[in-house]
């Protein structure tokens, strides 16, 4: 019987299986979505780090978040750039710039080198080790925001907007409730805002992760819980409140009276998304690479072969093929934490326009 047209070539160091992305010579998986014996984990967001694996390998800085989220797991950790060998495959982890401990997975077997990006962001944000290009033959890239419309504001401009919104609300005696994901975005906001404007209150899903970031040496301002002694109406009226999207519309929010609310997400680039969230403001902020970032990251690897995973897969594959690369896709069960994290924290596509140079 002839092989199916999409059968993996013998040179492939990573193939798609029902359990996840699998390295045949190494006999391990990268961010598998079904239970397996050995899993290399790029980061601790819930669509990439799941329960049930026999053995986990991740970066040192992911240990705290993985154990908070997954419980008592068998976990081995590596430093960035440290190499181990398993079944003749050399494995190392390299900075992805996504969240604390996020890593690209470099696997080398013989003369072949593949890199699986996990989720990544190319602009440094001060809360995790910045993205590092890793030369390879084949690159497996995400494409969460793989459309030309997605272009992020620079961090100083973003925080100038957030600070101005908070400052104006505080002057009017209204709390500023900013909905953001508890792991990653919340800590970026804490690190970047002007804490002199007023007190900062965080939801119960956020503070345990703040503690992990602080333990890793990330500078975050003091934070309060709304139930802490001394948190009174006057405190609340000047405060910035960070809460996961799942808190929106719950009784917990009633404590803040007549507040102004906003949502921080890359999806806020689209005004319709902001309306659907039903909030006063939208801040364009993502822990993923935007369109120029994806282009730059892929080019920086020197890879001639690229596999695209979750997001705007068809658009990115087409763009890469038009740029002269061997571009294909892997079907995965990863999502965007903007869509999936909210459910875990509390116990359509636009056609591409232009050439590859757009």
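I'd like the distance between the alpha-carbon centres of region 259-321 and region 49-69, rounded to an integer number of Å. Comparing the Cα centres of region 259-321 and region 49-69, I get a distance of 25 Å. The tail of the calculated P(r) for region 1-135, taken as Cα-Cα distances beyond 17 Å, holds 57 percent of the pairs. Here the Debye sum runs over all C-alpha atoms of region 145-228 as equal scatterers in vacuum, and log10 of I(q)/I(0) at q = 0.12, 0.25 Å⁻¹ comes out as -0.40, -1.35.
Estimated from helical segments only, the mean residue ellipticity of the chain at 222 nm is -6500 deg cm²/dmol, where each DSSP H run of four or more residues counts as -39500 (n - 2.57). Given in Å, the Rg to one decimal and the Dmax to the nearest whole number for the Cα atoms of region 155-284 are 13.6, 40.
Diffusion coefficient (Stokes-Einstein, Kirkwood radius over C-alpha pairs, 37 °C, 0.692 mPa s) for the chain: 155 µm²/s, rounded to a whole number. Stokes-Einstein diffusion for region 56-147 at 25 °C, viscosity 0.890 mPa s, with a Kirkwood radius from C-alpha pairs, works out to 177 µm²/s.
Every read-out reported here was derived from the displayed coordinates using simple, explicitly stated rules and does not represent laboratory data. These numbers were taken from a predicted model, which means no experiment stands behind them.
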